[in-house]
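Asks: Dropping a structure here in structure tokens format, bear with me for questions.
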Amino acid sequence: DGGITQSPKYLFRKEGQNVTLSCEQNLNHDAMYWYRQDPGQGLRLIYYSQIVNDFQKGDIAEGYSVSREKKESFPLTVTSAQKNPTAFYLCASSPPGISKNIQYFGAGTRLSVL
Amino acid sequence: ILNVEQSPQSLHVQEGDSTNFTCSFPSSNFYALHWYRWETAKSPEALFVMTLNGDEKKKGRISATLNTKEGYSYLYIKGSQPEDSATYLCAPEGYTGGGNKLTFGTGTQLKVEL
């Protein structure tokens, strides 16, 4: 089935540790996105990529890094510089086009700090 | 960052009631308005994408209207059913230097009781 797969579902990070969240899609979408959700807040954009080997910072990129080496994959690394990483992380993708394209979401990864 | 407001924050209705929610957003730099439904333990799913002032979309018992001049959209649910229980997110789409992106509101959480 076509869709977006995020793994793991739950992730625990120790102080000072980098962790990587996986996002894979088989929808042949060009654009991919990472969002963060905190209680009482809307989804906030961390990074997005419109095409392979290119990505842009979103509204809250500090303490995160991404790569886009393959069309299907857009992993997010939460670095030790991110002082408040506990949150729910959603990955999304959308088909090519200038605008007005709906985004398809994964099931999310919940990250907690030990 | 756009200021997107959704009201009410939460809503409890009885089965069969009709209800509506509001999404307010800045009317400048506007490309489209997206509505998503997010059921507990599932991924957000797109309901509508609207672009034109006065646009109206319908999907079963759910409909939405758009006023781009004054910057608001209404989502209506007619004859609410328990399966309508979810968080409803709106997201205006605007242009940034790196492409179009969505800015999500905090959502309206709907619970439909028997």
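Asks: State whether one or more residues within the stretch B:27-43 are in contact (Cβ under 8 Å) with a residue 12 or more places away in the chain, closer than 27 Å to A:Arg44 by Cβ and out of contact with any strand residue (DSSP E or B) (no Cβ under 8 Å at 6 or more places or on another chain).
Replies: Yes, some residue in the stretch B:27-43 is in contact (Cβ under 8 Å) with a residue 12 or more places away in the chain, closer than 27 Å to A:Arg44 by Cβ and out of contact with any strand residue (DSSP E or B) (no Cβ under 8 Å at 6 or more places or on another chain).
Asks: Sticking with this structure for a sec: Of all strands (runs of 3 or more DSSP E) completely enclosed by the stretch A:48-114, which ones contain at least 2 residues that are charged (D, E, K, R) and out of contact with any Leu (no Cβ under 7 Å at 6 or more places or on another chain)?
Replies: Strands (runs of 3 or more DSSP E) meeting the threshold: A:54-57.
Asks: Which residues, taken from the stretch A:50-72, are of a type outside the set (Val, Ile, Thr) and within 10 Å of the chain's Cα centre (by Cα)?
Replies: Those that are of a type outside the set (Val, Ile, Thr) and within 10 Å of the chain's Cα centre (by Cα): A:Tyr64, A:Ser65.
Asks: Within the stretch B:69-99, how many residues turn out to be more than 14 Å from the chain's Cα centre (by Cα) and crowded, with 20+ Cβ neighbours inside 10 Å?
Replies: Adding up the residues that qualify gives 1.
Asks: Scan the stretch A:34-56 for residues that are more than 8 Å from every other protein chain (Cβ to nearest Cβ) and either open to solvent by 10 Å² or more (accessible area, probe 1.4 Å) or within 16 Å of A:Phe88 (Cβ to Cβ) (or both) and jot them down.
Replies: Those that are more than 8 Å from every other protein chain (Cβ to nearest Cβ) and either open to solvent by 10 Å² or more (accessible area, probe 1.4 Å) or within 16 Å of A:Phe88 (Cβ to Cβ) (or both): A:Trp34, A:Arg36, A:Gln37, A:Asp38, A:Pro39, A:Ile46, A:Tyr47, A:Ile51, A:Val52, A:Asn53, A:Asp54, A:Phe55.
Asks: Select from the stretch A:36-67 the residues that are within 15 Å of A:Ala81 (Cβ to Cβ) and hydrophobic (A, V, I, L, M, F, W, C) and list them in ascending order.
Replies: A:Ile46, A:Ile60, A:Ala61, A:Val66
The values are calculated or read from the model by the stated rules, or taken from the named source; none is laboratory data. Treat the numbers as computed from the prediction; the structure is a model and nothing was measured. Here the Cβ is made from the backbone with ideal geometry for all residues, glycine too, and neighbour counts use every protein chain on show. These area figures cover heavy atoms from the full protein model, side chains too; ligands, DNA and RNA do not enter into them. Shrake-Rupley method; radii C 1.70, N 1.55, O 1.52, S 1.80 Å.
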